[in-house]
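Student: Structure below; questions to follow.
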Amino acid sequence: MAVVALVLYLVGVFVAFGLKSYFAWRRTGDTGFRRPQAAAFTGAWWGYRLFVLALLISLMAPVLGVAGLWQIPVTVEVAGAGIVVMAVGLVFTLMSQTAMGTSWRIGVDSSETTDLVTSGVFGVVRNPVFTGMGVVLVGLVAVVPSPVAALALVSYALAVQLQVRAVEEPYLLATHPEDYGRYAAQVGRFVPGLGRVTRVGG
């Protein structure tokens with residue numbers, strides 16, 4: 001099962017980041033990648049680095065699992081359920097990216113204005129891409145339970161909280177003050193109904 005988890009993870013990273021960026025570039029001439037704009041040791045600075053760290057550590061977890069190293073024994077049934085959860089999370093991530101259309105970005109450029117997407121999966125949670133990726137990592141923990149997999153999930157959870165609260169929400173509120181204010185008050189941040197706010201940081 002560790003091999004399946006590794007392949008699924010690699011495919012997910014390739015499609016969600018590489019292939020998505022390539023198709024965005026083919027369609028618009030823009031890959032969608034934005035360089036982080038943050039002073040050292042701020043919330044945004046830590047969020048970016050923790051996100052990269054989480055991606056690297058989460059790759060190590062199935063690699064160690066394939067090698068039979070540093071892994072807690074798990075039944076086939078639990079591992080199989082984890083694979084299903086990973087697949088569901090990946091599909092949800094890709095659906096969410098597609099729903100963003102030309103507004104899809106990796107990172108934020110405060111000098112540009114993108115459309116505010118609030119329909120489809122974005123009507124359920126405000127950050128469905130991050131939610132989907134989190135589900136993938138939850139499934140990974142079930143397939144190859146280990147301190148490494150757990151650390152990847154914790155790093156990811158901290159990273160997206162910092163990224164959303166310190167970077168994306170302030171940007172969206174500044175860009176779409178009325179529309180985003182109403183949207184954030186009605187729709188949860190990562191989970192339906194949870195994280196609804198009337199101001200950034202709420």
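The values are calculated or read from the model by the stated rules, or taken from the named source; none is laboratory data. Values in this document were obtained by computation on a predicted structure and should not be read as measured data. Using ideal geometry, Cβ is built from the backbone for each residue, glycine included, and neighbour counts are taken over all protein chains shown.
Student: How do the helices (runs of 4 or more DSSP H) wholly within segment 1-112 filter down when requiring 1 or more residues that are over 30 Å from Ala166 (Cα atoms) and modelled with pLDDT under 90: which remain? Let's see the steps before the verdict.
Tutor: Numbers: elements: 2-13, 20-28, 43-66, 76-100.
The helices (runs of 4 or more DSSP H) meeting that bar are 20-28.
Student: Let me ask something else. For segment 8-26, name all the residues that are within 18 Å of Ala99 (Cα to Cα) and free of Cβ contacts under 8 Å to residues at least 24 places away in the same chain.
Tutor: Within segment 8-26, Gly18, Leu19, Tyr22, Phe23, Trp25, Arg26 qualify.
Student: Turning to a different aspect of this structure: Among the candidates Val117, Val160, which residue alone is part of a helix (DSSP H, G or I) and not hydroxyl-bearing (Ser, Thr, Tyr)?
Tutor: From the options Val117, Val160, the qualifying one is Val160.
Student: Condition test on Glu169, is it over 12 Å from the mean Cα position of the chain (by Cα) and either in contact (Cβ under 8 Å) with a residue 40 or more places away in the chain or surrounded by fewer than 19 Cβ atoms within 10 Å (Cβ to Cβ) (or both)?
Tutor: no
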